[in-house]
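To start, the structure itself, in structure tokens.
No lab work stands behind these numbers, since they all come straight from the coordinates. Since we're looking at a predicted model, the values are computed, not measured. When we count neighbours, we look across all protein chains shown, and the Cβ atoms used for this are built from the backbone with ideal geometry, even at glycine.
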Amino acid sequence: MEQLPNTAAHSLEAKAWEMYERLLALHGHQPNIPRREPMHELISTILSHRTTGHNEDLAYERMLQRFGSWEAIRDAPVDELAAAIAPANYAEQKAPRIKEVLRRIIAEQGAANVDFLRDMPLDQAMAWLTALPGVGPKTASLVLLFCFARPVLPVDTHVHRVSQRVGLIGPKVDATAAHPLLLALFPADPQVLYNFHINTLRHGQRICVWGTPRCQQCPLPTICNWYQANRAPR
Ligand code: SF4
């Protein structure tokens, strides 16, 4: 029997692409050029959880200044490492996780190096990263997309909120569950996924902010569920 096209999925993809194009026009093209070497990106992203970018950088710099090498951080007393990364929130939880991540990587690879993720099959690379303590789909996707241009989509709090308000994901879908749902709406093109991630994140920081969104500055009202339900003239 001939299969009917899944029109709901089609219309959601079309909506996602429309959102992509409008945010691209507003925030611009974002070249996917690695900003940090992979170990830096991995450990910094663990430090970044519920922490500002400024304090994440401060914690990372203090940690390296205090201990000097990945091996020394792995071997550091956990309370001393927690003190060094104290600018980051939840330092007491992050310190033992960072030590264990380094212990596993160095034991498995012979050095603090995750460059093998560039060529590992993508599902295996995601599974390997998310098996590390303190590494969820956001951190794993971020390392794979930012450092190795692998076609995955990190969903942080801003990408999650904006995508939910527009209606690309349902109101009860949490950020973890949103990863495969949003990824499925886009072509497996790292540059497209990078543009969507960065531009949606910026949109969430500047316009579709937490609390009261600034819809009057936004190019998305005609395709936004939240706007149509809450702000559109009746
Ligand atoms: S229209 Fe308003 S709620 Fe919708 S994405 Fe734009 S700022 Fe957010």
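Things worth noting here:
- Across the options Met120, Ala95, Cys218, the greatest Cα extent toward the positive end of the charge dipole of segment 88-229 (unit charges at beta carbon of Lys, Arg, Asp, Glu) belongs to Cys218.
- Cβ-based net charge around Gly211, under 14 Å, with every Lys or Arg adding one and every Asp or Glu removing one: +4
- A simple charge model with +1 on the Cβ of Lys and Arg, -1 on the Cβ of Asp and Glu and nothing else charged puts the dipole of segment 136-190 at about 120 debye relative to its Cα centre.
- Contact order normalised by residue count of segment 38-148, Cα under 8 Å, 6+ apart, percent: 29
- Burial order of peptide ranges 92-103, 24-35, 157-168 (average beta-carbon count within 10 Å, highest first): 157-168, 92-103, 24-35
- Note: relative contact order over segment 99-202, using C-alpha pairs below 8 Å and six or more positions apart, is 22 percent.
- Relative pair counts by distance (%), Cα atoms of segment 38-148, 5 Å bins: 2, 13, 24, 26, 19, 11, 4, 0
- Cα-based Rg and Dmax for the chain, where Dmax is the largest Cα-Cα distance (Å): 19.6, 67
- The mean sequence separation of alpha-carbon pairs under 8 Å and at least six residues apart, normalised by the residue count of the chain, gives a relative contact order of 23 percent.
- For Pro154, net neighbour charge (Lys/Arg +1, Asp/Glu -1) across residues whose Cβ lies under 13 Å away: 0
- Approximate spin-label separation Ala229-Asp119, in nm, with each point projected 7 Å along Cα-to-Cβ: 4.8
- Each Lys or Arg adds one and each Asp or Glu subtracts one; over the other residues with Cβ under 15 Å from the Cβ of Leu132, this totals +4.
- The alpha-carbon of Lys94 sits under 25 angstrom from the alpha-carbons of these lysines, leaving out residues fewer than 8 places away in its chain: Lys138.
- Highest-first arrangement of 37-48, 199-210, 63-74, where packing means the average Cβ count within 10 Å: 37-48, 199-210, 63-74
- About the centre of its Cα atoms, the chain shows a dipole size close to 900 debye [charges on the beta carbon of Lys, Arg (+1) and Asp, Glu (-1) only; nearest 20 debye].
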